[in-house]
Ligand SMILES: Nc1ncnc2c1ncn2[C@@H]1O[C@H](COP(=O)(O)OP(=O)(O)OP(=O)(O)O)[C@@H](O)[C@H]1O
């Protein structure tokens, strides 16, 4: 089979196709040798739903030499139940046991890997197996699908001796897989049904844009499809998915890539079996000045900064335009998202030769800002950046407003204030009269593709421009991160890297532990230490969670929970 031609008439079509694939994968036909994962993830909805069904089947088959196997969607064996000792020993010998993969690429034609490859119920009998040690067996595998998305979650397989096999084997496997899917519907479907009813209620309530999301599902009403261009839909969905982690109602405004501004209200939905996702209602705000300006994202952004993500380019263009028109502006955004960088770049883009004064207001003592502000204002043409304006007390803000009222401002002075996300509304109204326009800088995760250009840019800033490059694998890790601390966090990470690697190629192992995580919030120092310790132990233990937990003195359950909480992602 591994070297000679096969007579197409003598073999079933699906089996012949699988033999060809096995041959292409260079699977050994005289032995079973397959990768082993010591610690497969056993906390999945599939295993939770399958447990009771497998218990019941195991009971029914207790007098028969039939093994019940459950795998994940990659053919990794998660559970195997065999009452018959002889069969059990044989299956151990051919590595059909928990932790081993029965994917076609490793084992060749078999009821598990071949069924997953073809995405359909498949039985493989005796000599149809590619590896000769499996000749005495028959197995029937049936993929198990997510009840709503249809995505294959895993597979149910029944394996017995070839001499005992018949058509009933596949029929029983199908019925059992169906029972597991029904159980999944009860568990998962309840969530989705709750979300669907909440979505329908929101649609019935008005004419606006309604979206509903959870981790597996997205629903959009007609208004969303008609009023929003695809990039705006994607940006809204990204924001909605982000809101999923919060369990409270929220409303917020956001700039959309097309230039429109939307007001969103997010309502979480819960079901009897836990959180079910959330419903977002959105309203487009009519801000003609912004809406009318469609931005070509291929244009270069402002001088001294990089990035081509639609939201980022839009923010840069708006700040640049306000700088040219000398319209005082508030630049709002998450920590480290590049507010000051945009303000400086807009200054350079409009009046590079004039001075740009940055007055840091965070932590400044009462009244101490007054002298530098007056000095900056008196300098004539140029830019004054009021950095972290929201950190001034209300009283100080009123005092600053009075200073600005009194100063006979040169019309060629441009004022720009940076404030933390969501803090703009709390600023003193008298002061805000001086800042008639505002722009929101998007967090890095909303223009994550810009990591590709930010990395070389920031490496150059750190003095390593032509000396250091990122390997594709390391870049992939950086692109997967959520960057709760935004570009400033990315800069910190690269600063750590250049301490240890001064030239050459940055590989994944050169990146600090935080790059192995996809956490959505900024961790406190204690949490960061714990996360780093877990990542290091996992790397030392080649991804083996039990060994990592042992070395840290943690229980397995705790390390699983922490891996989930910190979004740690280390392949075994
Ligand atoms: N698009 C970009 N191109 C180049 N550098 C950037 C860009 N975005 C951010 N940076 C760099 O990232 C770092 C953090 O940016 P910056 O200080 O402007 O953020 P911020 O939002 O003002 O921070 P804070 O929240 O502390 O006020 C700086 O070194 C800045 O030069």
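The values are calculated or read from the model by the stated rules, or taken from the named source; none is laboratory data. Keep in mind it's a predicted model, so treat the numbers as computed, not measured. Virtual Cβ from ideal backbone geometry, glycine too; neighbours counted across all protein chains shown.
Out of 255, 179, 216, which single residue is touching a residue at least 12 places away in the same chain (Cβ under 8 Å), touching a helix residue (DSSP H, G or I) at 6+ places or on another chain (Cβ under 7 Å) and within 30 Å of residue 101 (Cα to Cα)? Spell out the reasoning first.
Working: 255 fails: within 30 Å of residue 101 (Cα to Cα); 216 fails: touching a helix residue (DSSP H, G or I) at 6+ places or on another chain (Cβ under 7 Å).
Of the residues listed, the single one that is touching a residue at least 12 places away in the same chain (Cβ under 8 Å), touching a helix residue (DSSP H, G or I) at 6+ places or on another chain (Cβ under 7 Å) and within 30 Å of residue 101 (Cα to Cα) is 179.
Among 116, 70, which is the only one that is in contact (Cβ under 8 Å) with a residue 40 or more places away in the chain, under 16 Å from residue 153 (Cα atoms) and not in a helix (DSSP H, G or I)? Please lay out each step first, then the result.
Values: 116 fails: not in a helix (DSSP H, G or I).
One residue alone meets the criteria, 70.
Could you list, in sequence order, all residues of the stretch 422-433 that are assigned to a loop (DSSP other than H, G, I, E, B) and surrounded by fewer than 16 Cβ atoms within 10 Å (Cβ to Cβ)?
422, 423, 433
Which one is surrounded by the fewest Cβ atoms within 10 Å (Cβ to Cβ) among residues in the stretch 394-403 that are touching a helix residue (DSSP H, G or I) at 6+ places or on another chain (Cβ under 9 Å) and within 17 Å of residue 424 (Cβ to Cβ)?
394
Search the stretch 136-152 for residues being at pLDDT 95 or above and touching a helix residue (DSSP H, G or I) at 6+ places or on another chain (Cβ under 7 Å), and hand back the single one that is nearest to residue 44 (Cα to Cα).
144
Take the conditions without any contact (Cβ under 8 Å) to a residue 60 or more places away in the chain, more than 22 Å from the chain's Cα centre (by Cα), surrounded by fewer than 16 Cβ atoms within 10 Å (Cβ to Cβ) and within 16 Å of the ligand (Cβ to nearest atom) and apply them to residue 461. Does it pass?
yes
Applying the selection to the stretch 469-492, what residues are within 12 Å of the ligand (Cβ to nearest atom), assigned to a helix (DSSP H, G or I) and touching a helix residue (DSSP H, G or I) at 6+ places or on another chain (Cβ under 7 Å)?
486, 487, 490, 491
Which one is nearest to residue 389 (Cα to Cα) among residues in the stretch 336-360 that are assigned to a loop (DSSP other than H, G, I, E, B) and at pLDDT below 95?
Here the residue is 355.
Just to be sure, is residue 218 outside the structural domain of residue 69 (by TED's automatic domain parsing) and buried (at least 22 other Cβ atoms within 10 Å of the Cβ)?
Details: outside the structural domain of residue 69 (by TED's automatic domain parsing): yes; buried (at least 22 other Cβ atoms within 10 Å of the Cβ): no.
Taking the combined requirement at face value, the residue does not satisfy it.
Take the residues in the stretch 502-518 that are loosely packed, with under 15 Cβ neighbours inside 10 Å and farther than 26 Å from residue 564 by Cα, then tell me which one is nearest to the ligand (Cβ to nearest atom).
502
What number of residues within the stretch 336-353 are buried (at least 23 other Cβ atoms within 10 Å of the Cβ) and near the ligand (Cβ under 6 Å from one of its atoms)?
Selection size over the stretch 336-353: 3.
Tell me, please, whether a residue that is touching a helix residue (DSSP H, G or I) at 6+ places or on another chain (Cβ under 8 Å) and free of Cβ contacts under 8 Å to residues at least 24 places away in the same chain can be found in the stretch 21-37.
No, the conditions are met nowhere in the stretch 21-37.
Restricting attention to the stretch 493-501, does a residue exist that is more than 16 Å from the ligand (Cβ to nearest atom) and either crowded, with 16+ Cβ neighbours inside 10 Å or in contact (Cβ under 8 Å) with a residue 12 or more places away in the chain (or both)?
yes
Suppose we filter 445, 521 for residues that are assigned to a loop (DSSP other than H, G, I, E, B), at pLDDT below 90, within 16 Å of the ligand (Cβ to nearest atom) and within 24 Å of residue 256 (Cα to Cα); which single one remains?
Working: 445 fails: assigned to a loop (DSSP other than H, G, I, E, B).
None of the other options fit; the residue is 521.
Can you name the number of the only condition in (1) in a helix (DSSP H, G or I); (2) touching a strand residue (DSSP E or B) at 6+ places or on another chain (Cβ under 7 Å) that residue 515 fails?
(2)
What are the residues in the stretch 255-282 that are over 20 Å from the mean Cα position of the chain (by Cα), assigned to a strand (DSSP E or B) and surrounded by 15 or more Cβ atoms within 10 Å (Cβ to Cβ), if any?
Residues satisfying the conditions are 255, 261, 262, 264, 265, 267, 269, 270, 271, 281, 282.
Do the conditions hold for residue 106, that is, is it assigned by TED's automatic domain parsing to the domain that holds residue 49 and over 17 Å from residue 65 (Cα atoms)?
Criteria met by residue 106.
Does the stretch 525-538 include one or more residues that are under 12 Å from residue 41 (Cα atoms) and in the same structural domain as residue 512 (by TED's automatic domain parsing)?
Scanning the stretch 525-538, I find no residue that is under 12 Å from residue 41 (Cα atoms) and in the same structural domain as residue 512 (by TED's automatic domain parsing), so the answer is no.
Could you check the stretch 189-213 and list, in sequence order, the residues that are in contact with a strand residue (DSSP E or B) (Cβ under 6 Å, 6 or more places away or on another chain), in a helix (DSSP H, G or I) and in contact (Cβ under 8 Å) with a residue 60 or more places away in the chain?
Selection gives 190, 191, 194, 195, 198, 199, 202.
Which ones in the stretch 315-335 are within 12 Å of the ligand (Cβ to nearest atom) and not in a helix (DSSP H, G or I)?
If the condition is that a residue be within 12 Å of the ligand (Cβ to nearest atom) and not in a helix (DSSP H, G or I), then 331, 332, 333, 334, 335 are the ones that fit.
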